[in-house]
Each structure stands twice: as C-alpha cells, then as structure tokens.
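So the structure is just underneath, and the comments pick up after that.
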Amino acid sequence: MQTQSRSRYSSVLFQLLAVILLVATWQALVQFRIYRFGYIPSVPDVVLAARSYLLSVEFFDDTVASTARVVAAWGLAAIIAIPLGLMIGWKKVFGNLVFPTLELLRPIPPIAWIPAGILFIPNIEGSVVFICFVGAFFPILLNTMNGVRRIDQTYFRAASCLGARPVEVFRDVVVRGAMPSVVIGLAIGMGIAWMALVAAEMIAGQHGLGYMMWQAYSLAQYPLIIVGMIVIGIIGAAMSACIRLLGRNLVPWQKD
C-alpha cells in the first residue's frame, strides 16, 4: 500500500511539475519575444482576464451551454455507435452492408457538416449538437468495431461448444471482449466533440465558450481567448478522467 501511495504521489507531482514547466516556458517565450510569441498574451494578462471572466454570470452560462451540448452529442453518438459497431464487427454480412457507406462519410470533417447542419436543422441548438455528434460518432464506432474484430476466435468456438445462444454470445463474448476498445473510443469521441463544438459555436452558436472566444477575437481581447482555451482543456480533462473511471468499473479485469 505504501508503495502504491508513493507511486501515485510521484505521478501527481510529475504532472504538476509538467504544468508549471509549460506555464514558465510560455511566459519566457512571451517575455523575450522569441519568434512571434511576443504577440501572444502573457501569463499575468491571462490571469487578469480570467479573474474578470470567471467571476461573471457569462462564464457560468457559457460553460453550462457548451458542456450540455457536448454531453448530449456524445451520449447520442454512444447510444447509436456502440450497438452499430458491435454488430458490424460481429456479423460480416451486416458489416459489408452498412460499413462502406459509413466509411465514405467518415473522412468528412465535422466542420464541413456545419452548412448541412444549419440547413437541415433550423434550430441553432440542434445544429450545434449535430456537428458535435458527427465528431464523436466515428471514433466510437471504429473503436467498437475494431474491438470486436480483435476478440480471439477461440472464445466464439468455446461459447458455441458450450451451447451458448446468439444472444448469450453477443452479451458475454462480443460486448465484454470489445469493452476496452469501447472505452477508448468514448474518450477519443469526447475530445473530438469538444473540438467540433468550438468551431460550431463560432459559426452557428449564440452563446457558449466557442462563441465567447470568437467574440473575444473580434474585439481583440486576446487574453480572453486563452482563458477560453484553458477552461475547455480543464473541462475536457475532467470528462476524460470520468470516462477512465467508468472504464475501470466496466473492465475490472484490466486493472493494474
């Protein structure tokens, strides 16, 4: 137990040290005007902007709006992509029928879907959620599908020899075997959903962190842009930590 505690303490210490080193490097590059870093806001400027923005009502409204959009899009993507990926990876005929179309759509970046989202979904909230959904959907789908395909065929043969029904094979072999890859896909999908959100809010949003950053750019409030980036990074990291915690509960046999 003491060894594990020391290991965790060392890990947290190194992570904190890495963040401090990043901030110090940022300030040094700006302070000495290395290359074009002289145009980037300094750490004290960002701290002043953060103090004003983080204590405002706008910060709460923007954060809640953006987080709700991402969670809704990510959850919807997971509900659709996970069963679809499981079936594509498990049933070859179903995969041959469905996957080629999805593979044609996959390379299209979420930003390219913005005009289509605005055109087909007149509601602004719906169009922003749709764009984030597109960003989260394909990473979850592909990781789920590949997770099924990496399952050792011995498990399928063993289940068949033991008289397992297709439903039991799906539940005990396909779902359980693909779960580690599903968790990875959920984490990646969450990150891409946030990236798509910022672009969508800049163009189609009326409020949110992305919209705030675009307004700050238009008004030349560059420290506020950095504040928005940091806030998104912190929220995204917290959500990723929650997904990893969920993964440890769903895949207990992979615990170190």
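The numbers here are math on the coordinates, done by the rules we state, and not lab data. None of these values were measured; they are calculated from a predicted model. Here the Cβ is made from the backbone with ideal geometry for all residues, glycine too, and neighbour counts use every protein chain on show.
Normalised radius of gyration for segment 1-154, please: alpha carbon Rg relative to 2.2 N^0.38 Å, two decimal places. Don't jump to the answer; show the numbers that get you there.
On the way: Rg = 22.6 Å, N = 154, 2.2 N^0.38 = 14.9 Å.
Cα-based Rg divided by the globular estimate yields 1.51.
Helices in the chain, meaning DSSP H runs of at least 4 residues, each add -39500 (n - 2.57). Divided by all residues, the mean residue ellipticity at 222 nm is -27000 deg cm²/dmol. Around the Cα centre of segment 110-256, unit charges on the Cβ atoms of Lys, Arg, Asp and Glu (plus for the first two, minus for the last two) sum to a dipole of about 540 debye.
Considering only L97, V198, A50, and ranking their Cα positions along the charge dipole of the chain that arises from unit charges at the beta-carbon of Lys, Arg, Asp and Glu, the one farthest toward the positive end is L97.
Ranking A136, P115, V175 by Cα position along the charge dipole of segment 107-176, where only Lys, Arg, Asp and Glu carry charges on their C-beta atoms, puts V175 farthest toward the positive end. For segment 133-214, a crude dipole built from +1 on the beta carbon of Lys and Arg and -1 on the beta carbon of Asp and Glu, taken about the Cα centre, is about 320 debye to the nearest 20.
What does the extension gain come out to for V71 and L21, with contour length at 0.36 nm per residue minus their alpha carbon separation?
14.8 nm
The fraction of all Cα pairs in segment 22-82 landing in successive 5 Å bins from 0 to the largest distance is 4, 16, 14, 12, 11, 13, 13, 10, 7, 2, 0, given as whole percents.
In terms of the Cα gyration tensor, with a ≥ b ≥ c the square roots of its eigenvalues, is segment 1-40 rounded because a/c is under 1.5, prolate because a/b exceeds b/c, or oblate? Since a/c reaches 1.5 and a/b is larger than b/c, the shape of segment 1-40 is classed as prolate. Computing FRET efficiency as 1/(1 + (r/R0)^6) for F32 and R150, where r is the C-beta to C-beta distance and R0 is 51 Å, gives about 0.55. Under the convention that each Lys and Arg Cβ holds +1 and each Asp and Glu Cβ holds -1, the size of the dipole of the chain around its Cα centre is about 940 debye.
Protection proxy ranking of 6-14, 45-53, 121-129, 175-183, by the mean of other Cβ atoms within 10 Å over each peptide's residues and highest first, is 175-183, 121-129, 45-53, 6-14. Rounded, prolate or oblate: which fits segment 41-254, taking a ≥ b ≥ c as square roots of the Cα gyration tensor eigenvalues, rounded meaning a/c under 1.5, else prolate when a/b beats b/c? Taking the square roots of the gyration eigenvalues as a ≥ b ≥ c, segment 41-254 is prolate.
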